[in-house]
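Novice: Got a structure for you, written out below as structure tokens; questions coming shortly.
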Amino acid sequence: MNEPLMAAASIESGPYVNLFKVGVVVLLLLGWAVTAQWVDRDTDVVKTRREQWNLIVISGGVVATFVLLAVPLWHGGLFMLGVLFWLLLAGGAVLAYVVHR
């Protein structure tokens, strides 16, 4: 009599963290941090507005990371969509600097 209720209440056991996805996010963030440092140093070489470009690149990365982590994109194929959004936002900011340079 209580079998459907017990079946609905069962919780799957398994890993709560996908190490591949965590690794992808860590690599993206580390790559972005290295690129942001390069932009900071390169603005002095090129003699362009350092504060403006730092703000653009850092804001792009922060917003992109917020989108990646705040939206529940960790399930199924939506993770790759989140990574593409991250590349579009953070990569777009860096690409804007490269085009400016």
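The values are calculated or read from the model by the stated rules, or taken from the named source; none is laboratory data. The shown structure was predicted, so the numbers you read here are calculated from the model rather than taken from an experiment. Heads up: the accessible areas ignore ligands, DNA and RNA and are worked out on the full protein's heavy atoms, side chains in. Shrake-Rupley method; radii C 1.70, N 1.55, O 1.52, S 1.80 Å.
Novice: Heavy atoms only, probe 1.4 angstrom, no DNA, RNA or ligands counted: give me 50, 101 ranked by accessible area, highest first.
Specialist: 101, 50
Novice: How much length is gained if the chain between residue 99 and residue 33 is pulled fully straight, taking 0.36 nm per residue apart and subtracting their Cα-Cα distance, in nm to one decimal?
Specialist: Residue separation times 0.36 nm, minus the Cα-Cα distance, leaves 21.8 nm.
Novice: What list of ³J(HN,Hα) couplings, whole Hz, do you get for region 82-88 from phi and the Karplus terms 6.51, -1.76, 1.60, once you set θ to phi - 60° and write x for glycine and proline?
Specialist: Once rounded to whole Hz, the list reads x, 5, 5, 4, 4, 5, 5.
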